[in-house]
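Reading through the structure tokens given below for one structure.
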Amino acid sequence: MVPIHSPGLDELFETTRDADKARVILQHLFHMRQVMKENQNFAGGLDRNERWCPLLASNLKKLVRDYNRILKILVDSNIIEYKTNNTGGKSYYPNKYSMIYRPVFSKRLLLQDSIRYRKEDITTPGVIKSVGRYYHQRYDKQVARLLRSTPWYQSCLEFMDRLELDITEEEIHQLDVKNADFTSIQAAQFNSGILKFVTRDEYGYRIHSHVTNLSKKLRPFLHLKDCNDQLVLVDVKCSQPYMLAALCRYPELIELIPEFRPVASKLRQLSGSTNIRLFFEECRRGVFYDELMKITGLKKKPLKELLFGHIFFASLFGHKNNEDLARERRGARHLFSSKFKDILQILDDLKRTKRSTLPFVYDVTKTIGKNGRTYGKLYCTANLMTNRLETSLLLDRITRTCVNIGIETCTIHDAWILKEQDLKAFKAVFHAVFDKLGLPAPKLDMEYLNRA
């Protein structure tokens with residue numbers, strides 16, 4: 001991340017604050033490049049062999065102000081470059097000679113035409129201190145904004161700030177991860193505080209943070225900095241399918257998310273059917289994925305990708321121009337319909353919701369197409385409903401009650417991290433909330449973190 005063949009950043013800018021902003025840009029470049037390299041998910045029009053990621057202005061605006069002046073200095077200093085991509089457009093790219101790699105020179109290599117490079121470590125103390133200044137100031141603003149609307153979440157943030165990863169770089173390389181180097185950097189940045197952020201989205205009202213974004217492979221190594229209390233991760237099994245099943249089986253739950261009352265009739269029409277009762281029961285017991293895994297022979301991750309990508313929260317678009325995707329979607333729909341036909345019918349009805357019925361869904365899902373027209377993704381209605389119901393139950397009721405009675409915890413959407421000594425009290429709160437609503441509670445899954 002630190003430019004190698006360039007003057008010091010502090011000498012390029014008038015203030016240290018501007019230099020911090022520049023380092024944030026460089027960190028963003030490095031992060032995006034690593035993610036794209038890991039997932040093979042390159043921006044449209046980019047050559048997959050190029051291995052470089054463009055720096056989009058829309059992403060930069062979320063990070064810093066006055067980025068045009070900063071970009072100019074970075075370009076002039078040969079830290080990044082502005083070049084044409086395969087589609088004819090231009091984007092900013094990191095300069096490989098100044099940013100990510102340091103050349104490795106030897107007598108043997110000097111005799112060859114190509115130059116080899118080794119990765120530069122971006123987690124040195126100086127870089128952490130500089131970038132940390134920017135991120136800590138941004139984090140403080142995000143905390144203040146969140147607490148204005150959700151003041152009771154203060155104790156969750158305090159608990160979150162006490163979390164730390166207890167794992168070495170050697171242990172990370174022993175984990176089954178795609179990119180151990182990138183995971184090592186994420187762990188170092190988590191402990192240094194560079195990754196700290198918190199926000200509540202307007203889509204499903206979920207709270208996102210550096211803890212929710214932490215790799216699942218690293219979660220078992222979390223512990224509290226100031227004490228040795230055993231931590232437990234409590235997870236709701238089949239959370240998203242359960243919320244959908246609950247709405248279809250008990251349509252009166254729509255009162256917990258009153259903005260969706262206009263589509264309540266679509267939920268009531270088949271609420272008493274046999275396969276909806278079966279769907280709810282399998283989700284409640286946490287065996288929904290297991291049963292389909294037996295039928296399909298698929299592992300859990302590809303099965304979930306199939307269901308979410310073609311059934312639950314996908315559009316009704318049939319992929320006419322892509323026969324492979326079209327065949328995959330038809331197969332997924334046939335599989336799901338053979339067991340849960342009524343659920344599929346309700347989902348299709350919800351996806352056909354008109355803009356005039358739920359205008360706010362259009363507003364929170366709208367995008368601008370290539371022709372400049374604005375499109376609202378009304379097929380997201382079911383997804384929006386389940387997200388907001390999940391937030392209403394798990395965050396605004398269960399988590400808030402835990403905070404009120406003194407249980408220390410922080411949330412990861414449909415999961416909680418808490419102390420083992422509070423586990424019994426947490427379960428009592430969890431089941432009391434569902435009992436009060438007359439709704440059978442879903443199954444909980446527990447994992448002990450950093451257990452010796």
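Bear in mind that the values in this text are calculations on the coordinates, not laboratory data. For clarity, every value in this text was computed on a predicted model and none was experimentally measured. Reconstructed Cβ throughout: ideal geometry from the backbone, glycine too, with neighbour counts over all protein chains shown.
Points to keep in mind about this one:
- Distance between modelled label sites at Ala264 and Leu175, nm, 7 Å Cα→Cβ extension: 4.6 nm
- Per-peptide packing, taken as the mean over residues of other Cβ atoms within 10 Å, places 227-237, 248-258 in the sequence 248-258, 227-237 from highest down.
- A straight chain from Asp166 to Lys366 at 0.36 nm per residue would run longer than the Cα-Cα distance by 67.8 nm.
- Gyration tensor (alpha-carbon) shape descriptor, segment 242-354, a/c threshold 1.5: oblate
- Among residues other than Leu393 with Cβ under 13 Å from its Cβ, the summed charge is 0 (Lys and Arg +1, Asp and Glu -1).
- In this simple spin-label approximation, Asn275 and Ile405 carry label points 7 Å from Cα along the Cα→Cβ vector, and these lie 4.0 nm apart.
- Gain on full stretching of the segment that runs from Lys320 to Lys83 - 0.36 nm per residue minus C-alpha separation: 81.8 nm
- DSSP-loop trypsin sites (Lys or Arg not before Pro) across segment 344-452, with at most 16 other Cβ within 10 angstrom: Arg352, Lys354, Arg355, Lys366, Lys370, Arg373, Lys443, Arg451
- Other residues within the sphere of radius under 14 Å centred on the Cβ of Leu147, judged by their own Cβ, net out at +2 (K and R +1, D and E -1).
- In a fully extended conformation the segment linking Lys216 and Lys436 would gain 75.9 nm over its present Cα-Cα distance, using 0.36 nm per residue.
- Exposure proxy order (Cβ contacts within 10 Å, fewest to most) of Thr183, Thr357: Thr357, Thr183
- Here the label points at Thr296 and Arg352, each 7 Å from Cα along the C-beta direction, are separated by 2.5 nm in the simple model.
- Listed from fewest to most Cβ neighbours within 10 Å, the set Tyr289, Tyr203 follows the order Tyr203, Tyr289.
- Summing charges over neighbours of Arg352, with a neighbour being any other residue whose Cβ is under 13 Å away from its Cβ, gives +3 when K and R count +1 and D and E count -1.
- Using a Förster distance of 30 Å, the FRET efficiency for Thr199-Thr374 (Cβ separation, nearest 0.05): 0.80
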